[in-house]
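Below: one structure, written as structure tokens.
Rule-based calculations on the coordinates, nothing more; no lab input. Just so it is clear, the structure is predicted and the values come from calculations on it, not from any experiment. Note: ideal-geometry Cβ built from the backbone for every residue, glycine included; neighbour counts use all protein chains shown.
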Amino acid sequence: MWKAIYSREISGVLGSRWAWTLFVVPLALLGGLVISRWPSEAEVDLAGGRSRELLALIGYTTLGCVIFLTPAFPATSIVSERRRGTLALLLRTPVTRAGLYAGKFLGTCTCILLPLAMSAPAIAACYAMGGISLTAQVLPLYAVLALTAFLGIAASLWVSRFAATPGAAVRGAYALAVVMAVVTLGPGLFVPGGSSGGLAYVAGFLRGISPIPAVMEILGRAPGGASLSQPGSPSAVVRFALTAALLTGGLAIHTALSLRPTMFDRVRAAGAMTQDRGRVAQSWRRLLFLIDPQRRTSAMPGWINPVLIKELRSRRFGRGHWMARLAMICAIVSLGLTYAATTGSIAWSPEAVGGIMVLLQTALIVLLTPSFASSLISEERETGAWALLCMTPLSPRKIVAGKLLSVAWTVSLVLLATLPGYAVMILVKPVLFQQVRDVLATLILLALFAVGLSAAAGAFFRQTTTATLVAYLSLVSLLAAPMVVWLGRDAPFGHGAVERALRFSPLAAALSLLEAPGFETYDLLPTAWWTVAGGIVMCFVLLCWQSWRLMQPR
Amino acid sequence: MMHDLVLQTRDLTKAYGDALALDRLSLEICRGQIMGLVGANGAGKTTTIRILVGQLRPTSGSALINGVDCTGDAARLKRVVGYMPDVFGGYDNMRVFEYLDFFAAAFGIPRKARIKRIDEVAEMTGARPLRDCYVESLSHGMKQRVALARTLLHDPELIILDEPANGLDPQARIEMRRLLRDLAGCGKTLLVTSHILPELSRICDVVAILAHGKLCAAGTLDEVVRHVRQRRLFEIELASADYLDVAQSLIIRHVPTVADVVASVVERTIRFYTTEPDFDLSDTLSILVGAEIKITQCREAPMDLEEAFITIADRRADPAACPVPVG
């Protein structure tokens with residue numbers, strides 16, 4: 001029975017134009033890289049340096065593609081079926097839960113492994129150039145990439161099972177992908193090498209979830225020359241293989257077991273409103289909640305943009321009590337970063353700590369912004385609420401402003417959370433004040449760019465899922481593309497070419513300002529600011545134009 | 001009187017390339033009237049509504065609502081029209097009060113007046129007990145009530161309702177019917193589309209039947225039926241079955257263009273059709289009484305909106321059929 005589900009999953013994905021676009025673009029990118037480095041003169045590179053450099057470039061590009069393409073397909077697989085009602089039908093057929101899950105998992109695996117196989121000609125070309133070991137580099141690289149794909153699929157299907165809407169599933173799956181690949185490296189960076197104890201163990205386990213250290217170990221090249229492996233610890237490849245297998249199995253079992261007919265018995269009761277309870281209960285709730293979610297809200301004030309309030313109220317994390325929790329979490333993270341910056345600045349250098357903070361902050365911006373901003377208009381169009389909004393006297397400018405402000409508020413909390421950490425850096429090394437100020441300005445520009453790009457990209461799609469997907473892929477591609485060029489610095493790309501590429505990246509600008517390892521030699525400001533500012537203006541103009549166009553009679 | 005006209009369209013046409021979605025539609029609705037817009041899928045109902053609410057631009061023709069041009073004055077149009085589409089358009093995580101509060105605020109109603117107005121419309125539509133419920137957790141019928149409350153928030157002159165009774169249970173339908181009649185009683189003008197034709201015929205003062213983008217019939221239900229009807233069915237019940245043969249022969253002899261005369265012994269009834277538009281039953285009755293036939297009941301079988309609609313649909317499907325006059 002699982003074969004029917006498997007065939008349907010494959011035909012569903014491969015029948016989409018988007019899927020083929022996503023497959024063909026990385027293939028073209030890798031082909032271009034190989035052609036650019038293919039020996040044109042009659043000389044033999046006996047050491048194989050050129051092919052190793054190229055393999056590293058292809059390896060990281062393929063890894064990036066696997067990490068960011070994987071959630072695109074399985075994220076909506078279960079939730080869409082549930083909302084269409086076909087999952088309920090499937091669960092009433094003789095197909096078992098394991099069979100249902102296996103069909104979906106294997107179907108998605110085939111779709112993901114297909115573009116992975118498309119990188120084979122490029123890697124074969126590298127191998128043909130010489131200097132690369134099949135057993136020590138090529139096969140382990142493919143094993144790690146395949147495990148990354150399996151883990152990504154299992155995680156995305158798990159998110160899809162528990163998400164309420166396809167849009168939320170895509171957001172959740174991408175958030176989890178970024179957390180697993182990038183954020184898990186964060187704690188390990190703050191644990192000094194050779195240290196032991198609970199914190200080091202947790203940091204080591206988390207680092208094992210990310211495929212990046214494993215790929216770095218295979219390709220023998222760390223971005224920026226930094227090493228993510230700890231001396232005396234087991235091989236990063238082995239650690240990742242074990243962790244990925246464990247997590248994939250665990251997530252798969254949990255998801256498969258949760259696929260049962262009772263999953264549809266979910267009623268969302270209005271619950272008793274606090275105002276209708278007794279005086280004692282009211283006082284208790286006020287004390288416990290600070291902002292009581294069951295308290296009847298009053299009418300919105302007349303002076304405020306109603307779209308802003310609507311956006312915050314209709315978003316689970318935009319509610320007052322969640323905002324308070326988010327602010328608390330940011331305060332705790334801020335304290336943690338302050339502590340890490342203090343200890344790290346003494347153990348390493350403020351520049352290295354600043355670089356890590358910029359990377360983590362960028363990861364958070366990339367993680368959060370598209371999930372909030374991409375569905376601002378597409379969700380309204382999908383649910384039919386846009387037509388109602390068009391029937392109100394609200395102007396496109398007011399609608400867009402209200403929506404963007406609701407995202408800006410949340411993103412600004414993320415930015416504010418790191419301020420104390422930067423303050424510590426300035427205290428340790430006061431000469432860094434100007435650099436930190438410029439870094440913050442760059443990060444604000446990055447946040448604005450992320451908001452503008454996600455909102456503008458999302459506004460062109462009717463479906464939230466597609467909008468979120470396109471927003472994530474656009475943002476990640478635009479941020480990752482200059483960094484891929486940077487990875488190929490000196491070979492195959494010269495200093496000038498790398499610098500020109502990095503001028504499009506606010507992340508690179510922030511890192512170069514802090515003189516993070518690998519970015520010291522690039523002079524990116526103020527060109528990078530102007531480039532990003534131009535991008536922001538273009539995104540906002542595009543967003544306003546599309547909103548205005550959507551409100552016009554057709 | 002001209003000032004009583006709330007909706008007036010003149011030769012409203014919408015073309016998508018070569019396909020005509022709407023073909024020279026001319027409609028008028030007076031204040032306080034309820035007009036039912038009837039048509040098969042793809043007949044042009046939604047196109048008409050979308051032009052009236054300013055979401056579509058007509059290819060030619062004009063539409064005025066309370067003197068406001070539907071194609072030119074979007075800001076004023078939004079204030080005079082209330083539109084309830086067939087999709088709810090809800091927001092997750094919002095309670096009913098917050099949902100209504102947002103739309104009322106979007107219409108610029110001041111805070112104090114807004115709270116009062118939300119109470120009024122919630123009371124009017126029966127949505128008051130739903131105030132604290134999350135909109136996504138409402139049943140279809142409840143959503144219809146909330147959607148109607150939302151439509152009434154800014155007190156529009158013309159209320160356009162797309163399938164308001166769709167998915168409602170019988171009790172909710174009765175309530176909806178009563179509510180729409182009450183609104184018309186308050187001087188509101190309503191344009192209602194529905195596929196439930198018996199429902200429409202109960203609430204509408206006037207109906208307009210669309211087919212393939214053309215207006216086929218418009219007017220009161222009686223007028224439309226009279227225009228649509230080509231064969232009229234009459235029933236005469238006799239005191240005794242013994243008179244059936246005599247009565248049948250008299251009817252065949254005296255009724256013009258008579259057809260399908262059927263006598264039922266069990267029911268003591270004669271049924272016959274005539275295509276004569278000015279046929280008067282009293283003449284036939286005089287002849288029967290003159291022949292000493294005792295009659296207990298006689299009537300012309302009424303034609304309802306459903307029959308009228310099907311008759312028009314059948315004629316439209318048959319290109320050779322004669323055009324239906326527009327009332």
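Determine the sum of side-chain charges near A:Val307: Lys and Arg each +1, Asp and Glu each -1, restricted to other residues whose C-beta is under 9 angstrom from that of A:Val307. Kindly include the intermediate steps, with their values, before the conclusion.
Values: positive: A:Lys310, A:Lys398, A:Lys403; negative: A:Glu311.
In short, +2.
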ask   = What is the set of long-range amide H partners of B:Cys30 at a cut-off below 5 Å, with H atoms built 1.01 Å from backbone N?
value = B:Val6
ask   = Can you list the residues of the range B:262-286 with backbone N under 12 Å from a point 7 Å past the Cα of B:Gln297, pointing along Cα to Cβ?
value = B:267-270
key: Sequence of A:Ser156, A:Ser11 once ranked by neighbouring C-beta atoms within 10 Å, starting from the fewest   = A:Ser11, A:Ser156
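Which whole DSSP H helices in chain A pass both tests: a Cα extent of 30 Å or more along the axis and a mean Kyte-Doolittle value no lower than 1.6? Kindly include the intermediate steps, with their values, before the conclusion.
Values: long enough: A:17-37 (31 Å, 1.32); A:97-118 (32 Å, 1.12); A:139-162 (35 Å, 1.64); A:236-258 (32 Å, 1.48); A:320-347 (40 Å, 1.12); A:350-373 (33 Å, 1.56); A:396-417 (32 Å, 1.28); A:433-459 (39 Å, 1.51); A:464-487 (33 Å, 1.69); A:527-551 (36 Å, 1.16).
Counting only whole DSSP H runs, the qualifying helices are A:139-162, A:464-487.
Can you tell me the length gained on complete extension of the stretch B:Ser60 to B:Thr13, counting 0.36 nm per residue apart and subtracting the Cα distance? Intermediate results must be reported in sequence, preceding the final value.
On the way: separation 47, 0.36 × 47 = 16.92 nm, distance 0.52 nm.
In short, 16.4 nm is gained.
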Chain B, relative contact order in percent, only Cα pairs under 8 angstrom and at least six apart counted = 19 percent
note = Rounded to the nearest 10, the angle in degrees between the Cα long axis of helix B:140-152 and the longest principal axis of the Cα atoms of chain B comes to 70 degrees
query = Magnitude of the Cβ-charge dipole of chain B, K/R +1 and D/E -1, about the Cα centre, nearest 20 debye?
reply = 1360 debye
task = Determine the sum of side-chain charges near A:Val353: Lys and Arg each +1, Asp and Glu each -1, restricted to other residues whose C-beta is under 15 angstrom from that of A:Val353.
result = -1
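Nearest 500 deg cm²/dmol is fine: what mean residue ellipticity at 222 nm does chain B get from its DSSP H runs of n ≥ 4 alone, each adding -39,500 (n - 2.57), divided by its residue count?
Result for chain B, helices only: -11000 deg cm²/dmol.
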key: ³J(HN,Hα) computed for each position of the range B:245-256 - Karplus, 6.51 cos²θ - 1.76 cosθ + 1.60, integer Hz, glycine/proline x   = 5, 5, 4, 4, 5, 5, 5, 4, 6, 9, 7, x
request  = Work out from phi, with θ = phi - 60° and the Karplus expression 6.51 cos²θ - 1.76 cosθ + 1.60, the ³J(HN,Hα) of each residue of the range B:169-183, listed in order in whole Hz, and give x for Gly and Pro.
outcome  = 6, x, 5, 5, 5, 4, 5, 4, 4, 5, 5, 5, 5, 4, 5
task = Return a whole-number percent for the relative contact order of chain A, with Cα pairs under 8 Å and 6 or more residues apart as the contact set.
result = 15 percent
ask   = With the dipole of the protein assembly as shown worked out from charges on the C-beta (+1 for Lys and Arg, -1 for Asp and Glu) around the Cα centre, which of A:Thr465, B:Gly187, B:Gly67 lies farthest toward the positive end?
value = A:Thr465
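Within the set B:Lys116/B:Lys188; A:Lys398/B:Lys116; B:Lys45/B:Lys78; B:Lys14/B:Lys214, which residue pairs have Cα atoms separated by over 22 Å? Before the final figure, lay out the partial values.
On the way: B:Lys116/B:Lys188 20 Å; A:Lys398/B:Lys116 25 Å; B:Lys45/B:Lys78 20 Å; B:Lys14/B:Lys214 11 Å.
From the list (B:Lys116/B:Lys188; A:Lys398/B:Lys116; B:Lys45/B:Lys78; B:Lys14/B:Lys214), the Cα-Cα distance tops 22 Å for A:Lys398/B:Lys116.
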Charge dipole (debye, nearest 20) of the protein assembly as shown; +1 at Cβ of Lys and Arg, -1 at Cβ of Asp and Glu = 2400 debye
ask   = Tell me, what is a quarter of the convex hull surface for the C-alpha atoms of the protein assembly as shown, in nm² with one decimal?
value = 49.3 nm²
query = Which whole-Hz couplings ³J(HN,Hα) result when phi for each residue of the range B:184-199 is put into the Karplus expression 6.51 cos²θ - 1.76 cosθ + 1.60, θ = phi - 60°, listed in order with x for Gly and Pro?
reply = 5, x, 7, x, 7, 9, 10, 10, 10, 10, 6, 9, 8, 5, x, 5
query = What does the charge count near B:Asp155 come to, summing +1 for each Lys or Arg and -1 for each Asp or Glu among other residues with Cβ under 10 Å from its Cβ?
reply = +1
key: Calculated [θ] (222 nm, deg cm²/dmol) that DSSP helices of n ≥ 4 give over chain A, each run adding -39,500 (n - 2.57)   = -23500 deg cm²/dmol
message = Over chain B, with a Gaussian network built from C-alpha contacts below 10 Å, which listed residue (B:Val266, B:Val146, B:Val121) shows the highest mean-square fluctuation?
response = B:Val266
message = Test of understanding: ordering B:Glu175, B:Glu300 by Cβ neighbours within 10 Å, fewest first, what list do you get?
response = B:Glu300, B:Glu175
query = If you take the square roots of the eigenvalues of the alpha-carbon gyration tensor of the range B:230-300 and sort them as a ≥ b ≥ c, do you get rounded (a/c under 1.5), prolate (a/b over b/c) or oblate?
reply = prolate
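How big is the shadow of the Cα convex hull of the range B:64-120, averaged over all directions, in nm²? It would help to have the intermediate numbers written out before the result.
Numbers: hull surface 20.5 nm².
Result: a mean projected hull area of 5.1 nm².
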task = Going by C-beta contacts inside 10 Å, put B:Tyr273, B:Tyr99 in order with the fewest on the left.
result = B:Tyr273, B:Tyr99
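Relative to the Cα centre, what is the charge dipole magnitude of the range A:305-551, using +1 at the beta carbon of each Lys and Arg, -1 at the beta carbon of each Asp and Glu, and rounding to the nearest 20 debye? Walk me through the intermediate numbers first.
Details: 17 positive and 11 negative charges, 204 e Å.
Once rounded to the nearest 20, the dipole reads 980 debye.
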ask   = Which Cα, out of B:Ala19, B:Ile174, B:Val53, lies furthest along the positive dipole direction of chain B (beta carbon charges, K/R +1, D/E -1)?
value = B:Val53
